[in-house]
Amino acid sequence: MASNKILCLSLLLAAAAATLAAATGGKLSPAYYSTTCPKALAIVQAGVVAAIQKETRIGASLLRLHFHDCFVNGCEASILLDETASIATEKTAVPNQSVRGYDVIDDIKAELEEACPGVVSCADILTLAARDSVVYLGGPSWEVDLGRKDSLTLTALAASFSSQGLSFRDLISLSGGHTIGVARCVSFRGHIYNDSDIDPSFAESLQQICPRSGSDGVLAPLDLKTPTHFDNCYYRNLLRKQGLLHSDQELFSGNSEANSIVRTYVNQPSVFFKDFVQGMIKMGNIKLLTGSQGEVRTDCRKVN
């Protein structure tokens with residue numbers, strides 16, 4: 001049975017495929033803030049760099065925060081909203097309870113509100129922060145179309161998805177986001193004790209820090225070789241059966257198409273970078289609010 005991670009990424013990419021045409025008609029542009037807030041991109045970049053220099057792990061957290069925002073109801077910053085008496089929040093959904101980086105977005109938003117009040121959306125900040133994190137950690141860069149609006153309210157944590165046009169290659173490339181960041185013992189315990197598609201010495205080394213019970217919060221790098229550098233070592237690890245999560249190693253197991261793509265990314269890192277960028281652009285265009293839809297929040301944690 002497909003893992004939760006593969007299922008989530010598949011749904012995410014299906015949503016991107018189903019809504020890309022509508023999104024690109026929303027008058028997004030890389031130059032959206034060129035006159036209204038010309039320093040916007042520099043402010044976001046500086047905030048991201050400062051946060052990563054303080055804690056390297058936060059780069060992966062900001063990338064994941066963008067993933068989780070786009071997955072539930074589109075890239076409209078609903079994950080940033082705090083719970084109130086009248087609405088539930090995406091923050092309390094089980095898949096999002098370990099998401100981090102909210103304070104970094106708060107700090108960047110505060111800087112932007114001082115420079116150009118009420119102009120730059122939280123949704124655009126999330127998208128730019130994900131890109132800038134990848135770039136600072138050694139990954140590829142890409143041009144981000146801007147002009148997203150923030151959601152006014154939260155909807156139920158459900159959405160309908162269409163798989164028409166879904167690329168399995170997109171799934172494999174976006175999984176490469178695990179070349180940076182860490183995971184908790186509770187999330188990889190089953191893999192290191194119960195699975196057979198794992199290098200025995202690798203499993204044994206992890207068992208030293210992650211016992212069969214307890215120590216749930218102990219962290220291990222998703223990429224043992226270069227955990228703070230965005231590169232293709234994640235895929236090299238899969239060839240050695242050293243994927244930290246069951247869902248990671250599943251990408252190089254019995255599926256010949258997936259195996260072929262993984263080998264391509266190992267041998268041609270530039271192809272991985274190109275495919276990852278395309279996947280990120282797709283994800284950044286999921287169910288956008290533009291124009292008169294939504295709003296630009298002055299505080300990312302609550303509607304105006």
* Structure fact -> For region 95-129, the count of residues that are hydroxyl-bearing (Ser, Thr, Tyr) and under 19 Å from Leu146 (Cβ atoms) equals 2
* With respect to Asp145, determine if the residue is at pLDDT below 95, surrounded by 20 or more Cβ atoms within 10 Å (Cβ to Cβ) and within 25 Å of Ser292 (Cβ to Cβ). => yes
* To do: Evaluate region 151-159: report whether one residue or more is under 30 Å from Phe272 (Cα atoms), surrounded by fewer than 24 Cβ atoms within 10 Å (Cβ to Cβ) and modelled with pLDDT under 95.
  => yes
* Boolean, Asp107 is at pLDDT 95 or above and open to solvent by 50 Å² or more (accessible area, probe 1.4 Å) -> yes
* Structure fact -> Given (1) assigned to a helix (DSSP H, G or I); (2) farther than 25 Å from Tyr136 by Cβ; (3) modelled with pLDDT of 90 or more, Gly176 misses just (2)
* Working only within region 28-44, note down all residues that are over 14 Å from Gly147 (Cα atoms) and buried (at least 18 other Cβ atoms within 10 Å of the Cβ). => Ile43, Val44
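The values are calculated or read from the model by the stated rules, or taken from the named source; none is laboratory data. Note that the structure is a prediction, hence the values are computed from the model and not measured. Cβ: placed from backbone, ideal geometry, glycine included. Neighbour counts: every protein chain shown. Heads up: the accessible areas ignore ligands, DNA and RNA and are worked out on the full protein's heavy atoms, side chains in. Shrake-Rupley method; radii C 1.70, N 1.55, O 1.52, S 1.80 Å.
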